[in-house]
Amino acid sequence: MSVTSSGSEIERKALEAWQAERLRDTVAHVVGNSPYWARRFADAGIDPSSVTTPADLYRCPTLTKRDYIDVLAESPGDYGGLLCEPLADVMANGANFYRTTGTSGLQGRFVNTDEGSAVYGAQGAELLRSAGAVAGDTALLAFPLGLWAAGWGLYYGAKQAKIVVVAAGSPTDTAGRVQLLQDYRPAVVAVTPSYALTLGGALVEAHVDPTTLGVKGLLLGGETFSRSRRDRIEELWGVPGGTRNFFGISEGGPLFAVECAAQDGLHLFERDTIHQFWKPDSTEPAAPGELAEHVFTSIAHRTMATWFNFRTRDGAVYSDEPCPCGNPSRRMWIKERLDDMVKIRGINIFASAVEQILSGVPGASLQFRLVVERENEHDTVTVEVEMDPAADSAGLEAAAAAALRTAIGTRLDVRAVAPGTLPTTELKARRWLDKRPKD
């Protein structure tokens, strides 16, 4: 454990003791009540009572999204055997349904109780406060209050923190949100980074100065983003230092972490969740600063155990070094989706790296897409990038291709397209378009 403050070390040990106590109860609960986990532990030959500390989770069975989708298809009535109490009892105690956003094409569905919803309500309240909201303020949520869990986490959080909600998800469109911003003057706006640019641009086009709206900060979640994109958002909205990245996943119920004012890593919520960092595609712990897969186990939820030893496929690094803000929690930095990588000619290509490179190319916007195709048994990647109206397409393509080759080490074709050509979304940006034949 690399902490330099003896006080922080004491706090860390106290936290780990708390987690161990809650973990023992959690393991007994899921194995004793979930048919899926009972079978997985039995197949692995693991005695649940032997799992007494977070370190023991490395030898326990894990769950991936693919695993969950498969068992859900086999046994939809009991949610793949992951329910820890009969569905009728869950329904009788006030159930909430939600789904994943489905960006991979495979939607998971989930059920939680009012008690469980209160857990991520507390998390949502922490997010809103981190962006500057206080009791009596208004928050505009551009996330849909439909079947997407993050929107409800922020909604319940606002209620707990006595913050007024402007529900501005679908079917409200961009023009409608511009009007809502003027009518209600929210202190905090919750959006994806991609849509923060779209909505901020719409304000400018409507001749509305964002700095006159009273926005203190923006909560940005749902996708990774670069420093250059953050700078552009803060400049566009007139909130220098006012963006806060947050992180969560539907299987976790659903919020995990948020930045502080230092904007230097996501502070993990550790009183309700055990966060671990595993070497990718292994069961070994990764060291601080080493690229790892984020794996989590909730010690607060009780109903539907997708949150036990779940492998997120989010590539991240972590640190236990104290943060200048004084928060002793572990921090992590999401680097990329481990399954949002394509290997071309032996080179790993990450969308976030391409974004950072394009941000330094004159005339290139931050709207781009990577198109993967197969020609004569060879895979190729073409970077489609929207260009500024005054830019020269040929010059932009040449400059971007040269910058990409220098940084990545392989040639990528670049195609400049007119502004507004690429698909836009209010949720996660789709960076990869894979046109290769499906084997």
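Within region 371-390, is there a residue that is among the hydroxyl-bearing types (Ser, Thr, Tyr) and touching a residue at least 60 places away in the same chain (Cβ under 8 Å)? Among the residues of region 371-390, not one is among the hydroxyl-bearing types (Ser, Thr, Tyr) and touching a residue at least 60 places away in the same chain (Cβ under 8 Å), which makes the answer no. Evaluating Asn348 against the criteria (1) surrounded by fewer than 17 Cβ atoms within 10 Å (Cβ to Cβ); (2) at pLDDT 90 or above; (3) within 22 Å of the chain's Cα centre (by Cα); (4) not hydroxyl-bearing (Ser, Thr, Tyr) leaves one unmet condition, (2).
Quick check on my filter: what residues within region 173-205 are surrounded by fewer than 20 Cβ atoms within 10 Å (Cβ to Cβ), assigned to a loop (DSSP other than H, G, I, E, B) and touching a residue at least 24 places away in the same chain (Cβ under 8 Å)? Don't jump to the end; show me each part of the working.
Keep residues of region 173-205 that are surrounded by fewer than 20 Cβ atoms within 10 Å (Cβ to Cβ), which gives 173-176, 178-180, 182-185, 198, 201-202, 204-205.
Filter once more, keeping what is assigned to a loop (DSSP other than H, G, I, E, B): 173, 185.
Arg185 - this is the single residue of region 173-205 that is surrounded by fewer than 20 Cβ atoms within 10 Å (Cβ to Cβ), assigned to a loop (DSSP other than H, G, I, E, B) and touching a residue at least 24 places away in the same chain (Cβ under 8 Å).
Taken together, the residues in region 28-71 that are free of Cβ contacts under 8 Å to residues at least 60 places away in the same chain and either surrounded by 15 or more Cβ atoms within 10 Å (Cβ to Cβ) or of a type in the set (Val, Ile, Thr) (or both) amount to 15.
Entry remark, region 56-99: residues being assigned to a helix (DSSP H, G or I) and out of contact with any helix residue (DSSP H, G or I) (no Cβ under 9 Å at 6 or more places or on another chain) number 8 in total. Among the conditions (1) modelled with pLDDT of 95 or more; (2) surrounded by fewer than 22 Cβ atoms within 10 Å (Cβ to Cβ), His294 misses just one, which is (2).
So which residues in region 216-246 are β-branched (Val, Ile, Thr) and assigned to a loop (DSSP other than H, G, I, E, B)? Once the filter is applied, which keeps residues that are β-branched (Val, Ile, Thr) and assigned to a loop (DSSP other than H, G, I, E, B), region 216-246 yields Thr224, Val239.
Do you know which of the residues in region 408-425 that are in a loop (DSSP other than H, G, I, E, B) and small (Gly, Ala, Ser) is nearest to Ala202 (Cα to Cα)? Per the stated criteria, the residue is Gly420. Scanning region 126-144 for residues that are over 17 Å from the mean Cα position of the chain (by Cα) and of a type in the set (A, V, I, L, M) yields a total of 5.
Output the residue which, of all residues in region 72-88 that are in contact (Cβ under 8 Å) with a residue 40 or more places away in the chain and of a type in the set (A, V, I, L, M), is surrounded by the most Cβ atoms within 10 Å (Cβ to Cβ).
The residue in question is Leu82.
Selection of region 255-272 for residues being surrounded by fewer than 23 Cβ atoms within 10 Å (Cβ to Cβ) and over 21 Å from Pro324 (Cβ atoms) yields Arg271, Asp272.
Among the listed residues Gly326, Gly289, identify the single one that is at positive phi and touching a residue at least 24 places away in the same chain (Cβ under 8 Å). It would help to see each step written out before you state the result.
Values: Gly326 fails: touching a residue at least 24 places away in the same chain (Cβ under 8 Å).
That would be Gly289, the only listed residue that is at positive phi and touching a residue at least 24 places away in the same chain (Cβ under 8 Å).
Looking at Val27, Val111, just one residue is in a strand (DSSP E or B) and at pLDDT 90 or above, and that residue is Val111. Of the candidates Phe296, Phe368, Phe350, the single residue that is free of Cβ contacts under 8 Å to residues at least 24 places away in the same chain and aromatic (Phe, Trp, Tyr) is Phe350.
Checking Ser329 against (1) polar (S, T, N, Q); (2) outside any strand (DSSP E or B); (3) more than 18 Å from Pro288 (Cα to Cα), only one condition comes out false. Which one? Every condition holds for Ser329 apart from (3). Looking across region 152-193, the residues that are of a type in the set (Ser, Thr, Tyr) and under 27 Å from Phe110 (Cβ atoms) come down to Tyr155, Tyr156, Ser170, Thr172, Thr192.
Gly241 meets each of the listed conditions (1) under 26 Å from Tyr120 (Cα atoms); (2) at pLDDT below 95; (3) surrounded by fewer than 17 Cβ atoms within 10 Å (Cβ to Cβ); (4) small (Gly, Ala, Ser) apart from (2).
The values are calculated or read from the model by the stated rules, or taken from the named source; none is laboratory data. It should be emphasised that the depicted structure is a prediction, and the values quoted were computed from it without experimental measurement. Positions of Cβ are backbone-derived with ideal geometry, glycine not excepted, and every protein chain shown enters the neighbour counts.
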